[in-house]
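Below is one structure, written out as structure tokens; comments come after it.
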Amino acid sequence: MAGNEKDKKGVTKRERQDQLKEVKEKVENGDFKLIPQARNCHAKCWRTFELVVKAGDGEEEENTGYVHCRTCDEYVKWTGTSALNRHVCQLAEVKDLELLSAPSPAKEAVLDATAECVAVDLRPLSLMQGPGFLNLAQTLVLTGHQFGKVDVKTLFSDSKTIKRRINDLAEDERAELYPRVAAAAAAGEMSCSVDMWAEDSRKQNLMGCNVHFPSLNAETNEWEVETKSYFTERFPTGHAKTAENLRAFIVQNFEKRGISEETLKKICFVTDGEQAQKNALNGFWREYCLAHAYNIVYTHSMTVAPKNFQKLTPEALFITEQVDVVVKELRKMKTSVKNKVILDSQKLAFPKLFNTSNCVAFVCGSYEKIRRILTLSKAEVALRALEEMNTGKLAELAQYLKDLESAVGRVGHTHGSALPEVLSLCELREADSDFMKGLRILLSQNECISVLRVLKIKDACSDLVHYFKSSGLMEELPTSLKQYMEVRWSSCYRMLDSIRKVYPEVRLNFTQVRAVLERKGQTKRLDEIPLEFLTEIVNFLEPLKLETERVQAKNCVTASLPLVSYHTLRQAYSPDEADSEPIRIMRARLYRELENVVQLTDTHKIAAFLDPSFRSFRNILSETEKSEVHGMVRRLINESDSDPQQADELQAAPTPPPPKKTKFDPYAAFRESAESLGDPVEDEVEAYLREPLGIDFDHTKQLSWWMRRADRFPRLSKLARRYLCVPATSAETERTFSDAGWILNKRRKNLEMGVVDDLITLHMNCRNKIRERTTRLKRKQGKRPAKAVQVQV
């Protein structure tokens, strides 16, 4: 295992790190002290080092064999001057470092080398824009500055060494993360977003878990919700994804990291609606991913099944009920020995799929034979039902259902291409009987036709985008068209919106493109998309798309958003008289699905209450509902300890910074104003309701508001730390799987699972550290670039 390999003196890397850590602790405790270099040490390297000696009263201090680097604040084993000369400071950590802009000749040389690197190694053009590569490049520049001309071949290690170092860094990250997560879980101030994913190459199931917990930002000295990748593990091959197996797998991975099953009951899990995961977390605190709920709302609103078209008039329903009686009797007779010979001739004609269309067609086509069978079998009820049928209407109904099934399909979902045939079935004809006219009129009033009109526009737009991409005409457009992907519904909105933006130019200004389409006979691709209706569809989908993005926001509190987001969508999709008929029906369908699918829980209400700007529930809840929420909060704080558990790192905040420029707030109508004041009150809840919001309140940093008032509201502040760290969605875990897709591709499918977990851990948990190091580097602008970077030692 990496870290266990011994050096020439028989000391492992882990042991060496433990020794250096012990030396640092003794210096901090006063057992050791730092003194300047010895008088007989005159090497240049001693300018940045000082000796570590045992603290004592005598004049002679006992040397410990270690030195301290003042530049990088690291402790080093002192075995001689040569070892000190080999010491490479972590220059990217130096706070007083000043960087200069690169001169033009240097830029040109680097640009040439970059182009050659992309072409020779076949790397993406955006390779040099990643924070990881910029950190590497900055380290190389600083290394050259410190050590002069260095052969880069001697700087880089082979793949096995890099793999071991990745594991070492990941283990260091976990060693720092796991105790923090365990402490947060024990206090109940943590949540987890869990999801599963099947990687493409081997089709193996992976489970990812991200943890969310409050922490103190060392730079701003404010509370914030921190999100970390906790584990990514492969689900055991050959095990079924049952609720029992999933529960055991989840508990096992948490216990392996120091969190017991009993502690897990204190924290909140956020998952999608997958039934196995839902059942696996029975007995735990679980919340439904709001983004997944919005996706289901869109899917149900924008899809129709063939059965949704089979709405019949009362006369037709009576016929189908009678047919059902006859078919049920025949199905019972099919296993009867007495009637075996009689039914042998009917086996081929008997429907394999007993749906309405098949049964009606079967009875209509075999009416006389069925009547003889029922007479011989003395099935009086079924015979009476058969004789009560009107054979003429039965034949018309059979033909109508056959045509309808041909248009909309039998199973699955109906596509927009079915619209012309469905509209044809709605047209009244002179030869139609009153019975058929009733069926056609009822079909024309079906709301699914409006859905088909929208789906037809979507399909036409998808075909147009595909044609432009495959024909090479995309370069003629001012902006590129976005393609639709089935797995992401928001891509449908982006596709429609991209066509809406470019559509007028395609129709009016780009005559050359128009001429090409005319020459190829493809102008119908444009004519099938009416701009006005397309704009209506885009405007209809926009609120749902915006709310989905807001509840999936990164690096901010989203726990309080489900309640206000749901009410925002209810307002956005309430009836609008300005809508056309199809959009009016679509708006009603989405509103109905919104109420059926989205499940607001007590957690969402409590989290919204603990967001200071939403605590009054303005334009959201009634007075009775507000009182219920206040009662729930009071019960929670009464169940907690009278003195909340305060971590050592949570201290009073410094003087608040000056007010920032006001940002656009989509939920301003639901927040209370900053000037709200109140009178003295009895309990924390009443005091909190009357507490002024303050002009320094930032609606993306609610925990900072609670930190400044932790002494005034000790119980509520503890409750806020618990509920405001629950994310509204499991989007962070899905982003982790998206990153894993870049790691586990077809060319890297043989990577060990441990390496995948290490890479994901470092990718998610360490990229912020790289950005922090980069932002601490001060850029100094000058008329003429300096020859070297000045480093204060």
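The values are calculated or read from the model by the stated rules, or taken from the named source; none is laboratory data. Everything numeric here is computed off the predicted structure, so don't read it as measured data. Positions of Cβ are backbone-derived with ideal geometry, glycine not excepted, and every protein chain shown enters the neighbour counts.
Structure notes:
- Listed by position, the helices (runs of 4 or more DSSP H) inside region 519-637 whose residues that are within 25 Å of the chain's Cα centre (by Cα) and not basic (Lys, Arg) number at least 2 are 531-551, 561-572, 581-597, 602-610.
- Residue count for region 123-165, restricted to those that are in a helix (DSSP H, G or I) and out of contact with any Ser or Thr (no Cβ under 7 Å at 6 or more places or on another chain): 26.
- Taken over region 528-550, the criterion of being over 20 Å from Met302 (Cβ atoms) and in contact with a Ser or Thr (Cβ under 8 Å, 6 or more places away or on another chain) is satisfied by Arg550 alone.
- Of all the residues in region 434-484, those that are under 17 Å from Phe533 (Cβ atoms) and in contact with a Phe, Trp or Tyr (Cβ under 7 Å, 6 or more places away or on another chain) number 2.
- Of all the numbered requirements in (1) basic (Lys, Arg); (2) within 25 Å of Asp611 (Cα to Cα); (3) not in a strand (DSSP E or B), Lys241 misses one, and that requirement is (2).
- Pick from region 468-488, criterion surrounded by fewer than 13 Cβ atoms within 10 Å (Cβ to Cβ) and charged (D, E, K, R), ranking: farthest from Arg525 (Cα to Cα): Arg488
- Some residue of region 467-480 being closer than 26 Å to Met586 by Cβ and free of Cβ contacts under 8 Å to residues at least 24 places away in the same chain: no
- Looking only at region 287-327, and only at residues there that are of a type in the set (A, V, I, L, M) and outside any helix (DSSP H, G or I), the one that is farthest from Asp459 (Cα to Cα): Leu312
- Checking Arg634, Arg615 one by one, the residue that is closer than 25 Å to Gly694 by Cα, in contact with a Leu (Cβ under 8 Å, 6 or more places away or on another chain), modelled with pLDDT under 95 and of a type in the set (Lys, Arg) is Arg615 and no other.
- Of the residues making up region 291-323, those that are within 26 Å of Arg570 (Cβ to Cβ), buried (at least 18 other Cβ atoms within 10 Å of the Cβ) and small (Gly, Ala, Ser) are Ala291, Ala293, Ser301.
- The set of residues in region 673-699 being modelled with pLDDT of 80 or more and within 32 Å of the chain's Cα centre (by Cα) consists of Leu693, Phe697, Asp698, His699.
- Among all positions in region 566-588, there is at least one residue which is closer than 28 Å to Glu224 by Cα and surrounded by fewer than 20 Cβ atoms within 10 Å (Cβ to Cβ).
- Any hit, region 378-394, residues being of a type in the set (Lys, Arg), closer than 29 Å to Val454 by Cβ and in contact (Cβ under 8 Å) with a residue 12 or more places away in the chain: no
- In the set (1) over 30 Å from Met485 (Cα atoms); (2) free of Cβ contacts under 8 Å to residues at least 60 places away in the same chain; (3) not polar (S, T, N, Q), the condition left unmet by Glu421 is number (1).
- Residue check, Leu563 modelled with pLDDT of 90 or more, outside the structural domain of Val225 (by TED's automatic domain parsing) and closer than 26 Å to Ser704 by Cβ: yes
- Among the residues of this structure, Arg507 counts as one that is assigned by TED's automatic domain parsing to the domain that holds Gln552, modelled with pLDDT under 75 and among the charged types (D, E, K, R).
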